[in-house]
1. With 10 Å bins from zero, work out the P(r) of region 72-223 over every alpha carbon pair and list the percent per bin.
2. FRET efficiency for Ile227 and Arg104, Cβ-Cβ distance as r, R0 = 22 Å, nearest 0.05?
3. Would you mind computing, in nm to one decimal, how far apart the modelled labels at Ala41 and Asp62 are, each placed 7 Å from Cα along Cα→Cβ?
4. Roughly how far apart, in whole Å, are the Cα centres of region 166-228 and region 40-61?
5. Express the relative contact order of region 64-158 as a whole percentage, based on alpha carbon pairs under 8 Å and six or more residues apart in sequence.
6. Just rank Asp295, Asp153, Asp51, fewest to most, by other beta-carbon atoms within 10 angstrom.
7. Sticking with the crude label model, points 7 Å out along Cα→Cβ, report the distance from Asp153 to Leu288 in nm, one decimal please.
8. Please work out whether the chain counts as rounded, prolate or oblate from its C-alpha gyration tensor, where a ≥ b ≥ c are the square roots of the eigenvalues and a/c under 1.5 means rounded, while otherwise a/b larger than b/c means prolate and anything else oblate?
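Values quoted throughout were computed directly from the atomic coordinates according to the rules given, and no laboratory measurement underlies them. None of the values given here were measured: they were computed from a predicted structure. With ideal geometry, Cβ positions are generated from the backbone for all residues, glycine too; neighbour counts draw on all protein chains shown.
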Amino acid sequence: MAGALVPRLSAMARGEERAAWLFLTPSLVLFAVFTALPVIAAFFISFTHWDLFNPPKLALLDNYVALWNDPIFRQVLGNTGYYVLLAVPLQMLLGLLCALGLNRGVPGQAFFRVVYFLPVVTSTVAAGLVWAWLFNSNFGLINMGLSLFGVTDLPKWLVSSKWAMPAVIAVSVWQGLGYAMVLFLAGLQNIRQDIYEASALDGATGMRRLWHITLPLLSPMTFFVLIISIIGSFQVFELVYVMTKAGPSNATNTLVFFIYQNGFMFYQMGIASAAAMVLFLIVLTLTLVQYRLQDRWVHYD
């Protein structure tokens, strides 16, 4: 009896495996066509000189050397690092604070969730156009509001090398904090209430419970939000394109915009592909480092 049951179970397992591959095949095909193959193609194109109109010519490491010696590319790397170092912590901190507030069961919680999450589903192009109007140094509402408070030295915002990037970062944080908030709120609601009840019996105050219970138990979600926020920040493009066109004087030029410029404005596909490979290596390295360091601060149940 048992001997007859084993082949039947094996046949069922094989059938389930075939069904799994059948359902996975469309996703795998789309991944291969639109992700894996373009990455592989970009890797090989980065070793060529190609302008889209003539056959590619072998360049070996010329494109990478050109990037290394290009002061604009070094400025772009600095701009991108500046953006990531400010946007990611601000987005995560504000998202966490909003999640902590909503997790207290405040009245109108559903309304506030919608309000905070609405920028996430708003078109980035539309949001960028509206914020570019708000940041306009001549008639923008932001400078009008600052003047009402007695500020005389009004920032030039999008036409100033000093203020253009902070303005883009502010809009990016505004648009992305709702997504971080939803993830943090899901993590907070996953923490068992009996842990808080036990800590209250031990006399733990609000801040001690936050530091010793909430943040450690929320660390897996914090790790996830950190990873996706870093990856997303390195890919910023739409806001830069709509609000500043990478200006003034490349003050807001980022890696993805630099790739777009060289590939589809200057038709230097080799340079663009080499920059894309640099971006890929930076994101991959940072992600692997985070995974290696997670044992030091991420606490799983």
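1. 10, 29, 30, 20, 10, 2
2. 0.20
3. Placing both labels 7 Å beyond Cα along the Cβ direction yields 2.2 nm.
4. 46 Å
5. Rounded, it is 13 percent for region 64-158.
6. In increasing order of surrounding Cβ atoms, one gets Asp153, Asp295, Asp51.
7. The two pseudo-label positions are separated by 4.6 nm.
8. oblate
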